[in-house]
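Presented below is the structure to which this report refers.
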Amino acid sequence: MNVIFNYFGDVFGAIKSLWAGMCVTGYYFIHPGQIVTQKYPENRRKLVMFERFKGEVIMPHDENNQHACTGCGICEINCPNGSIEIISKKITNPEGKPERIIDKHIYHLSMCTFCGLCIKNCPAKAIVWGQQFEHAVFNRHKLTRVLNLPRSSMKKKTKESKKL
Amino acid sequence: MNFSIYDFTSFINWIDNSLNSYMSPGWAILVELVILGLVFIAFYAVIGLYLVLAERKVCALIQNRFGPNRVGPIGMFQTIADLIKLLMKELIYIKHADTFLFNIAPFIVIIASFMAIAALPFAKGLHAIDLNIGIFYMIAVSSLGVIGILISGWSSNNKYSLIGAIRSGAQVISYELSVGLALLSIVIFSGTLQLSGIVESQANGWWIIKGHIPAIISFIIFLTTCTAETNRGPFDLAEAESELTAGFHTEYSGIKFAFFFLAEYMNMFILAALAATVFLGGWMPFHIAGWEGMNNVMDYIPPVIWFFGKTVVVILIIMWFKWTFPRIRIDQILTLEWKYLLPLNLMNIVLIAFIVLMGWYIK
Ligand code: SF4
Ligand code: SF4
């Protein structure tokens, strides 16, 4: 007797749980307002990417055309793909001491896997994630970029920024 | 001649008579067969393409997406564009494949579904052939397709294809039983195997209503088993993209792949139409005995619309299954059939026989 009860219990239990699942999908089916995908090229104007979105590596510059990169090369060492090349040069600063500054921070977007190791390891926090993602070009050389702007210089560290 | 969209008999007779008056009977039959073939091919293409589109739309809505929405308004022409693309694709030659069987397999699959569609009554007087063993014929023919699947898997010289084909064979052979038994329950109610006869017997109410509980059980079993028969999710073990790349049609490309794809959707359409015909009254409008006013209003809607409306509802339910349930394992599939569906079905048949004997259904 027990066996028969269990058998029909199984059958009705299965139908009940399957019905519960069908209710969920059925609800979505008749509620098209729940759609979460966006129509991309149409919504391009008002498209806002998420803060964590990894579009490309950029180097922010402030209003005086200054960046924070010291040219240490740690990002270059950390990049698993060799997407970053640091070309630094030695200059003599106003105090008469020799100093290393960045000449070119070259970033090959075409080789980047967006792993984020460079950004994580930069001691000066000079590079961050940009939100631009429309990278399609007809010539791949256009994907090689110099991140420090022309005639930019290094921001000297103040007390506050050192704390960060 | 007065034609009506409620009864196609006069229209069909008119075509027959006018052809016979122009040519000898032998030629007339030949011309009729050619016309029929062309009509069915056109029907096949349109229905197949739009079912694929409907499936993609339903799946998209269930998964909170838009689905195809670029080609034409709301993606109307997406599948037509896909077909054109498939027509232009290369047919890849497979090394060490059994070329003859490999090439013939898609045709077997598609011919099997063509044969099944011939027996469907679309409206009063509108069917290609009204066999007096219609249901028997449908069951026999709809399982022919599995031969094509087995051949395609065998001849592809690919392990995945072979596994997919063997799974499909095991599955279709098991579920064939339950499909037959589920249909048999209505045959007991209506007392005929002829599809037009079964439709006529539902003039005063559909069998799912007249046959109450046992008919509903049969209907549920039939829906489950025909999902399995057509190799659709959650029973799509023969394809099982995640395990077998694409199962039996892994090695097919271009238009041969399209044949398999179309046949899968047409089989779904045919089984849904069969479910609608047998359980939901086919082209018969919704009638309740005694409610003359409502019956007249219902009669006003053409039978073709009733037929396709019911079929679409059944198709939507089958699609709903596919996009809700996860794929089950091969042992679970066989357990479901042999330990649950088949015994329940047999019990149900005995119950129905008893009910019919005692006259405990709405006559
Ligand atoms: S994100 Fe990764 S791959 Fe890209 S530049 Fe930085 S370290 Fe290299
Ligand atoms: S970006 Fe950061 S890690 Fe790379 S060279 Fe400049 S300071 Fe060093």
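The values are calculated or read from the model by the stated rules, or taken from the named source; none is laboratory data. Only a predicted model underlies this, so the values are computations on that prediction, with no experimental measurement involved. Cβ sites come from the backbone with ideal geometry, for glycine too, and all protein chains shown count toward neighbours.
The figures follow:
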read-out: Residue that is farthest from the chain's Cα centre (by Cα), among those in segment A:100-148 that are aliphatic (A, V, I, L, M) and more than 14 Å from ligand 2 (Cβ to nearest atom); value: A:137
read-out: Selected residue (only one of A:76, A:42, A:51 is in a helix (DSSP H, G or I), away from every other protein chain (no Cβ under 14 Å) and charged (D, E, K, R)); value: A:76
read-out: Condition met for residue B:361 (of a type in the set (Ser, Thr, Tyr) and closer than 22 Å to residue B:276 by Cα); value: yes
read-out: Qualifying residue in segment B:82-94 (condition: surrounded by fewer than 16 Cβ atoms within 10 Å (Cβ to Cβ), among the aromatic types (Phe, Trp, Tyr) and without any contact (Cβ under 8 Å) to a residue 40 or more places away in the chain); value: yes
read-out: Filter result for the condition that a residue is at pLDDT 85 or above and in a strand (DSSP E or B), over A:3, A:57; value: A:57
read-out: Matching residues, segment A:60-73, being within 13 Å of ligand 2 (Cβ to nearest atom) and part of a loop (DSSP other than H, G, I, E, B); value: A:60, A:61, A:68, A:69, A:70, A:71, A:72, A:73
read-out: Lone qualifier among A:70, A:92 - being surrounded by fewer than 16 Cβ atoms within 10 Å (Cβ to Cβ) and among the hydroxyl-bearing types (Ser, Thr, Tyr); value: A:92
read-out: Any helices (runs of 4 or more DSSP H) falling wholly within segment B:1-110 and containing at least 3 residues that are within 14 Å of chain A (Cβ to nearest Cβ); value: B:25-62
read-out: Hits in segment A:149-160 (condition: more than 16 Å from ligand 2 (Cβ to nearest atom) and touching a residue at least 40 places away in the same chain (Cβ under 8 Å)); value: A:151
read-out: Residue within segment A:13-22 that is away from chain B (no Cβ under 12 Å), over 30 Å from residue B:320 (Cβ atoms) and in a helix (DSSP H, G or I) present; value: no
